[in-house]
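Here the structure is laid out as structure tokens; the discussion comes afterwards.
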Amino acid sequence: MQTFFQFTAYIVIAYMLFSSLSYLGFFMLAFRKVKREDQLDKTESTEDLIGNLNTYPVSIIVPAYNEEVGVTSTVRSLLALEYPEKEIIVVDDGSKDKTSERMIEEFQMKQIPFAVRMHIETAEVEAIYQSSIFPYIRLIRKANGGKADALNAGINLSSYPYFCAIDGDSIVENDGLLKTMKPIIESDGQIIVTGGSVRIANGSTISRSKVEAIDLPNSPVVLMQIVEYFRAFLIGRLALSHLNILLIISGAFGVFNKERVIQAGGYNKNTVGEDMELVVRLHRLLREEKSKQRIEYVPDPVCWTEAPESLDVLRSQRIRWQRGLFETLWSHRKMMLNPKYGSVGLFSMPYFLFVELLGAVFEFVGYFLIFGGFFFSLIDPYTAGILFLVTIFYGSLISALAVLLEELTLHKYPKASHLLRLYFWALTETFWYRPLMVLWRVQGIFAAFRKKAHWGDMKRKGISS
């Protein structure tokens, strides 16, 4: 039996070394891209785009379910966006709180007659309201159908060729939409999807729907999520975008070509990972058409959102994310290792399967063997020690590199003490935070077999004052 556990330990060590090298490779790609962009002429301002006749108008869609705490702050932040032509559509997906009432009162909205173009089938639309002070703000009240269904309803009502999907608790920096649209405008529509960075607002001072002062929260749980977001956005997404094989645009903040999304069938209502599933389906569509159009991640535009502060809410969120990843990969399994889909099928899909999805299983086995090796002699102590060191390298040191990349790119955290605190917590990740994530991700895989579409409820404190 010890021989079996010993052999399993070697497999886990080899896997973690391979995954670590993958992340290091991604880090080098991301670092090169950052350095290359750093050498470009920084005097060119996005302000030039404001008066550019080629700037595409954008519909901003805000799906909302029980978001009475933050929805008006989000809309206020969208009103402040520096963009020449936009409309804001809030979709109340059968909320049980006062989401619609807050919108109607805050923006003096009146019910209007409507005829919605049903590009995508959705649950029943009950009423549409329009602001009497900002005519380009509208509210859809509809029967509950889930976040994907709410987004589809917003697409049906939207007037413009591009739409921006943003969560109901998010706040976008004033030039965020302009920076996200810039690659689309400059490519003359060859880039069909862009996404920006999402940052955690907990601890920062937000007033009048704007981030006034950036600071760190006191909660270790939230601090680790900040580090985790660095790793996901700045290492993973920047590198994958550089290779044109990015499979995820965050549901919190992304811009899409409406015609392409309608052609692909809209958001999938049968998965909790509707944002990733749509991006994979768009990749599939582009590859089948042999199109040269691209999907890109733009690190500079920043959207601020509220992160879970309790372990219970965080657990629910991570189980849902892992379940969404499983469902997306399963739905598009014909793309896996299929040369027809180019580097997406041959590299990106296997990467998300073996590293992002099954990585939790390998890590879970690794923690079991480390514990069993040191306390129950399941494997020899030497092998357990190597496995332990590899686990630290795989988790904590990669996260520390992500903090470094944040400093090289966005410089959002102004104080040296901020970076020191983030470095410290990044180095502790393996000892408490990552085991929790691994456990919940494994639970998320099992949850994928118990399908039940729902919104990811999270108790909001509100990120604006």
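Some points to look at:
- The residues of region 250-278 that are at pLDDT below 95, out of contact with any Lys or Arg (no Cβ under 6 Å at 6 or more places or on another chain) and among the hydrophobic types (A, V, I, L, M, F, W, C), listed by number, are 252, 253.
- Every residue from region 107-118 that is open to solvent by 80 Å² or more (accessible area, probe 1.4 Å) and at pLDDT below 95: 113, 114, 115, 117, 118
- Only one entry in 327, 363 is under 27 Å from the mean Cα position of the chain (by Cα), closer than 20 Å to residue 277 by Cα and acidic (Asp, Glu), namely 327.
- Top-ranked residue in region 174-190 [being among the polar types (S, T, N, Q) and within 16 Å of residue 295 (Cβ to Cβ); ranked as least open to solvent (accessible area, probe 1.4 Å)]: 180
- For region 374-391, taking the residues that are hydroxyl-bearing (Ser, Thr, Tyr) and assigned to a helix (DSSP H, G or I), the one that is surrounded by the fewest Cβ atoms within 10 Å (Cβ to Cβ) is identified as 382.
Residue-by-condition table, conditions (1) at pLDDT below 90; (2) on the phi < 0 side of the Ramachandran plot; (3) small (Gly, Ala, Ser):
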{"position": "377", "(1), (2), (3)": "yes, no, yes"}
{"position": "408", "(1), (2), (3)": "yes, yes, no"}
{"position": "438", "(1), (2), (3)": "no, yes, no"}
{"position": "442", "(1), (2), (3)": "no, yes, no"}
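- Among all residues of region 316-332, there is none that is in a helix (DSSP H, G or I), open to solvent by 20 Å² or more (accessible area, probe 1.4 Å) and free of Cβ contacts under 8 Å to residues at least 60 places away in the same chain.
- In region 397-411, the residues that are free of Cβ contacts under 8 Å to residues at least 40 places away in the same chain form Cβ pairs under 7 Å with partners that are part of a helix (DSSP H, G or I) and open to solvent by 70 Å² or more (accessible area, probe 1.4 Å), at six or more places apart or across chains, as follows: 400/423; 400/427.
- Filter pass, residue 305 being modelled with pLDDT of 95 or more, open to solvent by less than 20 Å² (accessible area, probe 1.4 Å) and within 17 Å of the chain's Cα centre (by Cα): no
- Taken together, the residues in region 205-236 that are open to solvent by less than 40 Å² (accessible area, probe 1.4 Å) and within 17 Å of the chain's Cα centre (by Cα) amount to 13.
- For region 272-293, the criterion of being part of a loop (DSSP other than H, G, I, E, B) and under 18 Å from residue 149 (Cα atoms) is satisfied by at least one residue.
Conditions (1) open to solvent by less than 10 Å² (accessible area, probe 1.4 Å); (2) outside any loop (DSSP other than H, G, I, E, B); (3) over 18 Å from residue 74 (Cβ atoms), marked per residue:
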| site | (1), (2), (3) |
| --- | --- |
| 140 | yes, yes, no |
| 149 | yes, yes, yes |
| 164 | yes, yes, no |
| 195 | yes, yes, no |
| 199 | yes, yes, no |
| 203 | no, no, yes |
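- Only one of the numbered conditions (1) within 20 Å of residue 30 (Cα to Cα); (2) surrounded by fewer than 17 Cβ atoms within 10 Å (Cβ to Cβ) is violated by residue 450, and that is (1).
- Any hit, region 361-373, residues being at pLDDT below 95, open to solvent by 50 Å² or more (accessible area, probe 1.4 Å) and in a loop (DSSP other than H, G, I, E, B): no
- Given (1) on the phi > 0 side of the Ramachandran plot; (2) in contact (Cβ under 8 Å) with a residue 40 or more places away in the chain, index of the condition residue 203 fails: (2)
- Any hit, region 425-435, residues being modelled with pLDDT of 95 or more, of a type in the set (A, V, I, L, M), within 21 Å of the chain's Cα centre (by Cα) and open to solvent by less than 20 Å² (accessible area, probe 1.4 Å): no
- The condition (being surrounded by fewer than 22 Cβ atoms within 10 Å (Cβ to Cβ), of a type in the set (S, T, N, Q) and either over 18 Å from residue 154 (Cα atoms) or touching a residue at least 24 places away in the same chain (Cβ under 8 Å) (or both)) is satisfied by just one residue among 310, 241: 310.
- In region 91-106, residue nearest to residue 150 (Cα to Cα) [restricted to those that are assigned to a loop (DSSP other than H, G, I, E, B) and open to solvent by less than 90 Å² (accessible area, probe 1.4 Å)]: 94
- When region 108-123 is filtered for residues that are more than 25 Å from residue 72 (Cβ to Cβ) and either in contact with a Gly (Cβ under 9 Å, 6 or more places away or on another chain) or charged (D, E, K, R) (or both), the ones remaining, listed by number, are 117, 119, 120, 121.
- Check on residue 100, farther than 29 Å from residue 276 by Cα and not aromatic (Phe, Trp, Tyr): no
The values are calculated or read from the model by the stated rules, or taken from the named source; none is laboratory data. On a predicted model such as this, the values are computed, not experimentally measured, just so you know. For neighbour counting, all protein chains shown are included, and Cβ atoms are generated from backbone atoms with ideal geometry for every residue, glycine included. For accessibility, only protein heavy atoms count, side chains too; no ligands or nucleic acids. Shrake-Rupley method; radii C 1.70, N 1.55, O 1.52, S 1.80 Å.
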